[in-house]
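Below is one structure; the comments refer to it alone.
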Amino acid sequence: MQVSGRKVAVVGMGGVFPTCSNLAEFKEKLFANESLLREWDKATAHGKNIRSTVAGFVTEAEMDLEIIPSSIMENYPETYIDKLNRISANNLATADVGSIWAMISTLDAIKMAGWSTEETESEQTGVVIGSGGGGHEILRAAWHNFFELKKKSRLAGSHNVDRAMVYRDAANVSCLIKNKGVCESIGSACATGLGNIGYAYRLIKFGLQDRVIAGGVEGTSIETFLGFDSMQVLSRGFSPEKSSRPFDINRNGFVCAFGGGIVALEEYDLAKARGAKILAVIDEYFNNSDGDGDMFAPSFAGQQRLWKGLLANTTKRPDVVKVHGTSTPAGDAIELLSVVDALGETGYHVSAPKSQFGHMLGAAGSVEFIASVLMLENQAVLPCLNSDELSENLEGFQNSEQWNGPKKPLSVFRDLIPQQSFQKEINTITCLNYGFGGTNSAIMISKDY
Amino acid sequence: MDRQEIIKEIVEILKTVRTINPEKLDNVTEDTDFIADLNTPSTEMINIAAKVEQKFDIEFEDDDIDDLGSKVRDIVDLIIATKEKE
C-alpha cells in the first residue's frame, strides 16, 4: 500500500544510445530532430535471408569495449576489456554486453544523483533492471559449440549462466554498486523498461526502499533482431532515417533497436533534504493487461482501462503524451485513438521518440522515460518524425459495431502530432508502453516546483 | 617437458585470465595457491582447466577435475598423470 506523504523523485540518469557517446549528445540529437537509425552491416551480411536491415545499434567499439574471444570456443566472447576503465575485470567477467551497458549507465546515474557510497551501499537502496531478451549472443555460441561442434560443456566455462540469466543486468549492477536492498528484474516484453521503473516507484512509494536504480537494457544482438525479422513486423523499404514513421499512412513496421536507460529514483524528501537536483517527480504509475487472450493485438479496451487507472487519483492532465508509437499498422492507430478517448482532442501533444531511435524492446520504456525527462528539462516536445501523411479514412476496426472509441480518422488529429521539435510549457508528461502478452504500462511525471 | 616448463606454460595461461592481477604472476611456484595467493575467483578454475587441456593437448576426467586442489602443484601433477595415461 502507498505510504501517505511519500513522493518519488528522479535524481539521476544514464544510458547507452545509438550513434551517441553520452546523454548530452543524445539530448542534442533528439531536439535537433535527428534520426539515430542506420543500415546494419550485421544484417546486410545475411543477404536475402534477412528481411529488414535497418536498426538502432551500438557496437562494442562505440562503447570503448573490446571483445576478448575465447581461445577454446568458436565465436565465444571470453570476456570484455573496458578501454576507459569504468568497470573492473571482475565485474566484466560476469557480464554480457547489455549488462556492461547497465553498469556504465548506473555509474553515470549515481554520479548525477550525487549518492554517497554509504547511501549507494545501503539496505535502503535497490536495483530493478530488466531486459527483453536473454543473453542470446552468449547462449548461441555456447550451444553451437556443444551441440554442433560436439565440444565438452566445460569449455563454456563458468560465465554462461551469469551472462545469460534473465536478471543478469540487475545482478551485475548490484554486484558493482554493492547495494544491500532488493535486486530484481521485471520482465514485460516491450514494456519492460517502464515496468521496472514503475515497480521501483512502488518500492519507494510503499516505503520499502528509499533509493532504487531502475530501468531497462537491450544489448545489441542479431539473434534478438532475427526473432522480429522472422515475424515480418520490422519496417522495410525506406532509407534508415525514414524507416520509423509512427502514425504515417505508409508505416509498415517498427525498427528494431538496442540501447539502455537507467534512472536513479529517490524518496522526494530525502532527495530535497540533501539538496539534490530533482529532474522530475513521478506522480502516478499504473499497469494492467488486455484480458482478451490475444498475445499480440493491441486492445482499445485495455488501453481505456489503463488511462482510467492512471488518472483515477489525480486531477493532473499531461501536456505531452509520450506514446509507445512503434510504427506498426495496428498499434499506432489504436493507441492514438485511446489517447484521444482519454484526453479529448486538444490541450496536449503527442511525442513518438521511436521515430528517432527505433524500438529498443526491453530498453524502450526506460530510454523513452529519459527522453521524457529531457522534454521536461528542455521545455520542448520531441517530434514524431516521418508522420508525413495521416490516414483520412476510418480504420477498418472503427467501422465495426463493437467499436466504442472515436469515430474520426487519424488525420483529424494532425495538430496533436508535431513533425519537428518545438518549445512549449510542459509541466506534466505521460509515458505509455505496451508489450506482447497484452501488458500495458503508464507513468505520469511532472516538473518539480 | 619437466615440471618447471609446465609451470611456465601455466603462467602463460594465467596471463590471459583478466581477473588475475598480472603482477602476482612474477613468482609462481608449485606452492602457489590459485585462490589464496593469486586471488583467482573460484569460478575461473574451470576456465583455467579447460585452457590447460587445450594447451597441453590432453583431456581431463571429470572426476579428476572435481578432485583438483587449488595449488599449482595439483594441476602440474594432474597434467603429468593425464599425459602418462594417454
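Summary table
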read-out: Overall Cα dimensions of chain A - principal axes, largest extent first, Å; value: 62, 59, 41
read-out: Computed lengthening from A:Asn427 to A:Met295, 0.36 nm per intervening residue step minus Cα-Cα distance; value: 44.0 nm
read-out: Net lengthening on full extension, A:Ser411/A:Glu123 (0.36 nm per residue, minus Cα-Cα); value: 98.5 nm
read-out: Net +/- balance of residues flanking A:Asn85 in space, Cβ distance below 14 Å, scoring K and R +1, D and E -1; value: 0
read-out: Whole-Å distance, taken between Cα centres, linking region A:400-446 and region A:151-206; value: 30
read-out: Convex hull projection area averaged over all views, chain B, Cα basis, nm²; value: 5.0
read-out: Relative contact order %, chain A, counting alpha carbon pairs below 8 Å whose residues are six or more apart; value: 22
read-out: Distance in nm between pseudo-label sites at A:Arg140 and A:Val161 (7 Å out along the Cβ direction from Cα); value: 2.4
read-out: Gyration tensor (alpha-carbon) shape descriptor, region A:300-449, a/c threshold 1.5; value: rounded
read-out: Pairs from A:Lys42/B:Lys8; A:Lys180/A:Lys272; A:Lys111/A:Lys308; B:Lys15/B:Lys85; A:Lys83/B:Lys83; A:Lys150/B:Lys83 whose Cα-Cα separation, in the structure shown, is over 31 Å; value: A:Lys42/B:Lys8; A:Lys111/A:Lys308; A:Lys83/B:Lys83
read-out: Other protein chain Cβ atoms within 10 Å, averaged over every residue that makes up B:42-50; value: 5
read-out: Farthest toward positive dipole pole in region A:383-449 [+1 Lys/Arg, -1 Asp/Glu at C-beta], among A:Leu385, A:Ser441, A:Thr428; value: A:Thr428
read-out: 10 Å Cβ neighbours from other chains, averaged over peptide A:151-157; value: 5
read-out: Cα→Cβ-extended label distance, 7 Å offset, between A:Arg274 and B:Glu9, nm; value: 5.4
read-out: Distance (nanometres) between label positions extended 7 Å along Cα→Cβ at A:Asn22 and B:Ile65; value: 4.4
read-out: Estimated FRET transfer efficiency (B:Asn39, A:Phe397; beta-carbon r; R0 56 Å; 0.05); value: 0.35
read-out: Residues A:Thr44 and A:Tyr449, FRET efficiency given R0 of 51 Å [Cβ-Cβ distance, rounded to 0.05]; value: 0.55
read-out: Extension reserve of the A:Lys83-A:Leu208 stretch, reckoned as 0.36 nm per residue once the Cα distance is removed; value: 41.2 nm
read-out: Using θ = phi - 60° and Karplus 6.51 cos²θ - 1.76 cosθ + 1.60, couplings along region A:422-427 (whole Hz; Gly, Pro as x); value: 8, 7, 6, 6, 10, 9
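All of the numbers you see were taken from the coordinates with simple rules; none came from a lab. Small disclaimer: the values here were computed from a predicted structure and weren't measured. When we count neighbours, we look across all protein chains shown, and the Cβ atoms used for this are built from the backbone with ideal geometry, even at glycine.
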